[in-house]
1. How far, in nm, would the chain grow between V17 and D3 when pulled straight, counting 0.36 nm per residue and subtracting the alpha carbon separation?
2. Rounded to the nearest 0.05, what FRET efficiency do L70 and L99 have when you use their Cβ-Cβ distance and R0 = 30 Å?
Amino acid sequence: MIDNFGIIGGVALLGLVWAYWHLPANLAGYNYPHAPVLGGLVLFPALLVADSFVMAWLTIRAKSFWPAVLMHGSGNGIQEGILSQIVLIEGVSPLRNDLTVIAVTWLLGVACASALCRSPDLSREQASKI
């Protein structure tokens, strides 16, 4: 996708494909039981587009997909194990928690996107499509 759409377009498109791959589960209330439609159509895609830039940076930097695989697995474990407990203990509304996670993820995603745009590991053709 990077070859066809450049680093920003390719990684963002990958994030959208990844998000909408999960759409049936999200609409069934898996990740956002408090707001399945909002979660499936808006919140999850926003989260995964940002996550895609972090994982793309990890993959390109390491020249291996394994760091992204480990991030995905550990992220799921942290989200399910720790964040869900914080919400229960602190009484934070699920939507507020979701928006906080998305905001933090976007900050990291933008930093990784910026690093990717300056990456010497990308071909001149890929970088020119930014």
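Every number here is computed from the coordinates shown, using simple stated rules; none is lab data. Predicted model only: the values in this text are computed from it and were never measured. Please note: Cβ atoms are built from the backbone with ideal geometry, for glycine as well, and neighbour counts cover all protein chains shown.
1. Contour length minus the Cα-Cα distance gives 3.4 nm.
2. Numbers: r = 26 Å, r/R0 = 0.87.
Using R0 = 30 Å, I get an efficiency of 0.70.
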